[in-house]
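Written out below as structure tokens is the structure these notes cover.
The values are calculated or read from the model by the stated rules, or taken from the named source; none is laboratory data. What you see is a predicted model; the values in this text were computed from it and never measured. We place every Cβ from the backbone using ideal geometry, glycine too, and count neighbours over all the protein chains shown.
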Amino acid sequence: MRLVTYSDGAAPLLGALEGAEVVRLAGEGVPPDMLGLLAGGDAALTTARRAVLRGERRPLSAVRLLAPLSRPGKILGVGRNYGAHAAEGGLAAQEKPRIFVKLSTSVIGTGAPIPKPSSVTKLDYETELAVVIGKRGRRIPAREALAHVGGYTILNDVSARELQFDVSPPQTSFAKSMDGFCPMGPCLVTSDEIADVAAIELRGWVNGELVQQGSTSDLIFPVPVLIAYLSSYLTLEPGDVIATGTPAGVGAFRKPPRYLAPGDTVRMEIPGIGVLENRVEAES
């Protein structure tokens, strides 16, 4: 299923994408939101699939897609997790995952503006596959990790590079957690729709120019390894998000560097999930 959170002018609604239509998921036994649906496990997903058959349908053009999860419990980022991205920064592959957090207040949906604070001059983009946890777990073996995944979405790990690279001590989590610095969407694709998480293609454009192109086959720490590693330190819960890293081509390592400015449009695509697109606007 391609699950969405959307608005038709009122409160956020839970839905499913069916071609060019959004089907509202509601009725007896259907949780009211995405977090409840994930927490409900297989039984809730079965009920949701049945609801698709009878749900109210609206043209996708008549509604506004929101972030699939407006306030994830945890957003865990992984730095320099693609071989080509590490290489473009002149860095060797790490021996263990480098973890940071993005705060849930930074989440926005596709189509929402990315606010650029006037104090930020090195605003950057990162195209990422995001893993959404569907089953609670602690100390999860890598061989069992994918059974804990509820679905996948696209995440733009927007970053203020001056706070990440130019200050001492580095403020990575702060640099990546300002309001609007975590676009996610357009939908959450359930894990059964992804044939091979180790062979997912990612592409990113700025103002129509292709700037990032890669595959999860280049991940230094693949998805099962990340889930096992993170869960060795903390409990993963339904609705938690793991941002798995970005391919080469970010603005900071281009020659010359290419940072985002008001008016720029950032478009990211993962086949089977869709397109996440946001415009940069000066923060008011």
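Just wondering, is there one or more residues in the stretch 40-56 that are in a helix (DSSP H, G or I), of a type in the set (A, V, I, L, M, F, W, C) and in the same structural domain as residue 231 (by TED's automatic domain parsing)? Break it down stepwise before answering.
Filtering the stretch 40-56 for residues in a helix (DSSP H, G or I) gives 41-54.
Next, only the ones that are of a type in the set (A, V, I, L, M, F, W, C) stay: 43-45, 48, 51-53.
Remaining after also requiring in the same structural domain as residue 231 (by TED's automatic domain parsing): none.
Scanning the stretch 40-56 turns up no residue that is in a helix (DSSP H, G or I), of a type in the set (A, V, I, L, M, F, W, C) and in the same structural domain as residue 231 (by TED's automatic domain parsing).
Any residue that is touching a helix residue (DSSP H, G or I) at 6+ places or on another chain (Cβ under 6 Å) and part of a helix (DSSP H, G or I) - is there at least one of those in the stretch 254-270?
Within the stretch 254-270 (the criterion being touching a helix residue (DSSP H, G or I) at 6+ places or on another chain (Cβ under 6 Å) and part of a helix (DSSP H, G or I)), the answer is no, since none of the residues qualifies.
Residue 236 fails exactly one of the following numbered conditions: (1) closer than 17 Å to residue 128 by Cα; (2) touching a His at 6+ places or on another chain (Cβ under 8 Å). What is the number of that condition?
(1)
Determine whether the stretch 157-176 contains at least one residue that is outside any loop (DSSP other than H, G, I, E, B) and closer than 27 Å to residue 12 by Cα.
Initially, the stretch 157-176 is screened for residues outside any loop (DSSP other than H, G, I, E, B), giving 159-165, 172-175.
Next cut, closer than 27 Å to residue 12 by Cα only: none.
No, there is no match, as no residue in the stretch 157-176 is outside any loop (DSSP other than H, G, I, E, B) and closer than 27 Å to residue 12 by Cα.
Restricting attention to the stretch 214-227, does a residue exist that is in contact with a His (Cβ under 7 Å, 6 or more places away or on another chain) and assigned by TED's automatic domain parsing to the domain that holds residue 127?
Initially, the stretch 214-227 is screened for residues in contact with a His (Cβ under 7 Å, 6 or more places away or on another chain), giving 227.
With the extra rule that they be assigned by TED's automatic domain parsing to the domain that holds residue 127, the set shrinks to 227.
For the stretch 214-227, residues in contact with a His (Cβ under 7 Å, 6 or more places away or on another chain) and assigned by TED's automatic domain parsing to the domain that holds residue 127: present.
Condition test on residue 143, is it among the charged types (D, E, K, R), surrounded by fewer than 24 Cβ atoms within 10 Å (Cβ to Cβ), touching a Leu at 6+ places or on another chain (Cβ under 9 Å) and not assigned by TED's automatic domain parsing to the domain that holds residue 46? Quick ask: steps written out before the conclusion?
Values: among the charged types (D, E, K, R): yes; surrounded by fewer than 24 Cβ atoms within 10 Å (Cβ to Cβ): yes; touching a Leu at 6+ places or on another chain (Cβ under 9 Å): no; not assigned by TED's automatic domain parsing to the domain that holds residue 46: yes.
When the stated conditions are applied, residue 143 does not pass them.
So which residues in the stretch 230-284 are at positive phi and under 17 Å from the mean Cα position of the chain (by Cα), if there are any at all? Write out each step before concluding.
Going through the stretch 230-284, the residues at positive phi turn out to be 239, 245, 249, 263, 272, 274.
Those that are at positive phi and under 17 Å from the mean Cα position of the chain (by Cα): 239, 245, 272, 274.
Residue by residue through the stretch 190-207, note down the ones that are over 26 Å from residue 124 (Cα atoms) and either touching a residue at least 24 places away in the same chain (Cβ under 8 Å) or not hydrophobic (A, V, I, L, M, F, W, C) (or both). Reasoning before the result, please.
Applying the first criterion (over 26 Å from residue 124 (Cα atoms)) to the stretch 190-207 yields 190-196.
Correct list: 190, 191, 192, 193, 194, 196.
Scan (1) of a type in the set (Val, Ile, Thr); (2) crowded, with 18+ Cβ neighbours inside 10 Å; (3) over 19 Å from residue 83 (Cα atoms) for the single condition residue 265 breaks and write down its number.
With (1) of a type in the set (Val, Ile, Thr); (2) crowded, with 18+ Cβ neighbours inside 10 Å; (3) over 19 Å from residue 83 (Cα atoms) applied to residue 265, the lone miss is (2).
Determine whether the stretch 132-151 contains at least one residue that is out of contact with any helix residue (DSSP H, G or I) (no Cβ under 9 Å at 6 or more places or on another chain) and either farther than 16 Å from residue 79 by Cβ or of a type in the set (Val, Ile, Thr) (or both). Can you show your working first?
First, pick out the residues of the stretch 132-151 that are out of contact with any helix residue (DSSP H, G or I) (no Cβ under 9 Å at 6 or more places or on another chain): none.
The answer is no, given that none of the residues of the stretch 132-151 is out of contact with any helix residue (DSSP H, G or I) (no Cβ under 9 Å at 6 or more places or on another chain) and either farther than 16 Å from residue 79 by Cβ or of a type in the set (Val, Ile, Thr) (or both).
Considering only residues that are out of contact with any Pro (no Cβ under 8 Å at 6 or more places or on another chain), over 25 Å from residue 14 (Cβ atoms) and assigned to a strand (DSSP E or B), which ones fall in the stretch 177-203?
203
Go through the stretch 1-31 and count every residue that is of a type in the set (Asp, Glu) and closer than 17 Å to residue 43 by Cα.
As a first pass, look at the stretch 1-31 and keep what is of a type in the set (Asp, Glu): 8, 18, 21, 28.
Adding the requirement that they be closer than 17 Å to residue 43 by Cα leaves 28.
The number of residues fulfilling the criteria is 1.
With respect to the numbered conditions (1) surrounded by 14 or more Cβ atoms within 10 Å (Cβ to Cβ); (2) under 27 Å from residue 221 (Cβ atoms); (3) more than 18 Å from the chain's Cα centre (by Cα), which one is the sole condition not fulfilled by residue 40?
All conditions are met except number (2).
In a strand (DSSP E or B) and without any contact (Cβ under 8 Å) to a residue 24 or more places away in the chain: is that true of residue 210 in this structure?
Details: in a strand (DSSP E or B): yes; without any contact (Cβ under 8 Å) to a residue 24 or more places away in the chain: yes.
For residue 210, the condition - in a strand (DSSP E or B) and without any contact (Cβ under 8 Å) to a residue 24 or more places away in the chain - is met.
Could you go through the stretch 67-83 and let me know if any residue there is in a loop (DSSP other than H, G, I, E, B), at pLDDT below 95 and in contact with a Phe, Trp or Tyr (Cβ under 6 Å, 6 or more places away or on another chain).
No, the stretch 67-83 contains no residue that is in a loop (DSSP other than H, G, I, E, B), at pLDDT below 95 and in contact with a Phe, Trp or Tyr (Cβ under 6 Å, 6 or more places away or on another chain).
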